[in-house]
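Colleague: After the structure tokens below, expect a handful of questions from me.
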Amino acid sequence: MKTILITGGAGFIGSHVVREFVLNYPTIKIINLDALTYAGNLENLKDIEGHSNYEFVKADITDAKHILDIFEKYQPDGVIHLAAESHVDRSITNPLEFVMTNVIGTVNLLNAAKEIWKDNFEGKRFHHVSTDEVFGALGDEGFFTEETSYDPHSPYSASKASSDHFVCAYHDTYGLPIVLTNCSNNYGPNHFPEKLIPLCIHNILNNNPLPIYGDGKYTRDWLFVIDHAKAIDLVFHEGKNGGSYNVGGFNEWKNIDLVKELCKQMDEKLGKEAGTSEQLITFVKDRPGHDLRYAIDATKINHELGWKPSVTFEQGLSKTIDWFLENQEWLDNVTSGDYQKYYNTQYN
Ligand code: NAD
């Protein structure tokens, strides 16, 4: 049996990737390696817990020795690396944590893969999952392509850019077989409510203000998380060795318009009068170094591998809201305790 080790599989995107692989490849052993930080939650995977090709291993990728022991024990043929500190606002208050996990943690994984694969790279692959934020900010026009120069602005994007460079350097220097994906903003089930969409769903349910940075004109491309998981599956299996692929939804929204669309759908689903939730919108002090616009050109993955998003934004958003309404216990669990402290320092 082949073995694939997925890092960060208890997080938002990672849990969808783990599910995609466990269900689609029953003859491949899937190891989910995760430290279970505030963002990791095994509840995200309770439906696949009993599958014979699935195993969870608790480990911190900053612990080089433990990581090498795990690689030696399980001898993975492939690695899909999603474990990261992922929230820009937290990177502004604690950059070093982002350097430790996103940079040092990634290098520890690269070293472990290089060590156990050293005699033979045939059939091996290290897939690094990254973000479009490494490319910096766009003006009103243009798109990020795979050739766009890196120009990260936040400590989060700087740490992800650094990890991307290390992954490519291990390919160029040691011949490590790698692929890289840079994706736009994801949304969907299991999204941690520090991020815009689940935060607004949670606040509408609790009749709390919907905080919007600056004038709300910041523009992002949004992709339904299950479409991202499918793109990762495709690139992991069919992407060119050493290649990078941009993944995006062809779906740009200004934050304010997105939140208004969310309010409209929430009012309909909750049976409230149109316009009720919009009244909760509150503009708050801008995030320092905020990038104006991100937009992905996903032509390469479309032409080379035939990938495209399966749902429109309105459909994906509707599925997402339905999931949160059906899983309010999940939302209550992750928003108790430390979340409240974080929220109060951020918005109050
Ligand atoms: P997330 O914060 O929801 O999950 C991160 C996971 O990594 C958690 O399960 C956490 O426990 C684990 N983790 C954190 N530090 C760890 C450590 N030191 N050792 C082991 N595990 C650790 O993140 P996400 O939104 O699912 O993002 C996953 C990956 O995708 C990240 O690399 C992120 O940069 C990238 N990405 C995210 C988006 C997005 O919109 N969320 C877009 C593009 C790329």
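The values are calculated or read from the model by the stated rules, or taken from the named source; none is laboratory data. If you're wondering where the values come from, they're calculated on a predicted model, not measured in any experiment. Ideal geometry is used to build each Cβ from the backbone, glycine not excepted, and the neighbour counts take in all protein chains shown.
Matching residues to (1) touching a helix residue (DSSP H, G or I) at 6+ places or on another chain (Cβ under 6 Å); (2) more than 27 Å from C263 (Cα to Cα):
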position: N120; (1), (2): no, yes
position: E141; (1), (2): no, yes
position: Y150; (1), (2): yes, yes
position: Y187; (1), (2): yes, no
position: P198; (1), (2): no, no
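Colleague: Still on this structure, please answer the following. Can you confirm whether the range 119-129 contains a residue that is part of a loop (DSSP other than H, G, I, E, B) and either within 16 Å of the ligand (Cβ to nearest atom) or among the polar types (S, T, N, Q) (or both)?
Modeller: Taking every residue of the range 119-129 in turn, at least one turns out to be part of a loop (DSSP other than H, G, I, E, B) and either within 16 Å of the ligand (Cβ to nearest atom) or among the polar types (S, T, N, Q) (or both).
Colleague: Moving on. From the list I256, I212, pick out the single residue that is more than 13 Å from the ligand (Cβ to nearest atom), in a strand (DSSP E or B) and more than 18 Å from L305 (Cα to Cα).
Modeller: I212
Colleague: Please go through the range 162-173 and pick out each residue that is among the β-branched types (V, I, T) and either crowded, with 18+ Cβ neighbours inside 10 Å or touching a helix residue (DSSP H, G or I) at 6+ places or on another chain (Cβ under 9 Å) (or both).
Modeller: Of everything in the range 162-173, just one residue is among the β-branched types (V, I, T) and either crowded, with 18+ Cβ neighbours inside 10 Å or touching a helix residue (DSSP H, G or I) at 6+ places or on another chain (Cβ under 9 Å) (or both), namely V167.
Colleague: Filter the range 10-40 for residues that are near the ligand (Cβ under 7 Å from one of its atoms) and assigned to a loop (DSSP other than H, G, I, E, B); which is surrounded by the most Cβ atoms within 10 Å (Cβ to Cβ)?
Modeller: By that ranking, first place goes to A10.
Colleague: Continuing with this model, one more query. Based on this model, can you work out whether D286 counts as in contact with a His (Cβ under 8 Å, 6 or more places away or on another chain) and assigned to a loop (DSSP other than H, G, I, E, B)?
Modeller: Against the criterion (in contact with a His (Cβ under 8 Å, 6 or more places away or on another chain) and assigned to a loop (DSSP other than H, G, I, E, B)), D286 does not qualify.
Colleague: Okay, next question. So, T62, is that one more than 10 Å from the ligand (Cβ to nearest atom), polar (S, T, N, Q) and touching a residue at least 24 places away in the same chain (Cβ under 8 Å) or not?
Modeller: No; evaluated as a whole, the condition is false for this residue.
Colleague: Which residue pairs have Cβ atoms closer than 6 Å, lie 6 or more positions apart in sequence or on different chains, and pair a first residue in the range 101-124 that is within 14 Å of I70 (Cβ to Cβ) with a second residue that is outside any helix (DSSP H, G or I) and polar (S, T, N, Q)?
Modeller: If the second residue must be outside any helix (DSSP H, G or I) and polar (S, T, N, Q), the pairs left are G105/T62.
Colleague: Also, I was wondering about something else. How do the helices (runs of 4 or more DSSP H) wholly within the range 306-348 filter down when requiring 1 or more residues that are hydrophobic (A, V, I, L, M, F, W, C): which remain?
Modeller: So the answer is 313-326, 328-334.
Colleague: Continuing with the same structure: Just one of S163, S91 is touching a residue at least 24 places away in the same chain (Cβ under 8 Å), within 15 Å of the ligand (Cβ to nearest atom), of a type in the set (G, A, S) and within 20 Å of F236 (Cβ to Cβ); which is it?
Modeller: Every option except S163 fails the conditions.
Here is a yes/no grid of residues against (1) touching a Cys at 6+ places or on another chain (Cβ under 8 Å); (2) among the basic types (K, R); (3) crowded, with 21+ Cβ neighbours inside 10 Å:
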| residue | (1), (2), (3) |
| --- | --- |
| G175 | no, no, no |
| V179 | no, no, yes |
| N190 | no, no, yes |
| I197 | no, no, yes |
| K230 | no, yes, no |
| L234 | no, no, no |
| G243 | no, no, no |
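Colleague: I'm trying to understand the selection: among the residues of the range 242-269, which are of a type in the set (A, V, I, L, M) and under 18 Å from the mean Cα position of the chain (by Cα)?
Modeller: Scanning the range 242-269 gives a single hit, V247.
Colleague: When both residues are 6+ apart or on different chains and their Cβ atoms are under 7 Å apart, which pairs have a first residue that lies in the range 14-38 and is under 22 Å from I67 (Cα atoms) and modelled with pLDDT of 95 or more, and a second that is polar (S, T, N, Q) and in a helix (DSSP H, G or I)?
Modeller: What qualifies is S15/N44.
Colleague: May I pose another question? What number of residues within the range 135-160 are in contact (Cβ under 8 Å) with a residue 40 or more places away in the chain and within 21 Å of N241 (Cβ to Cβ)?
Modeller: 2
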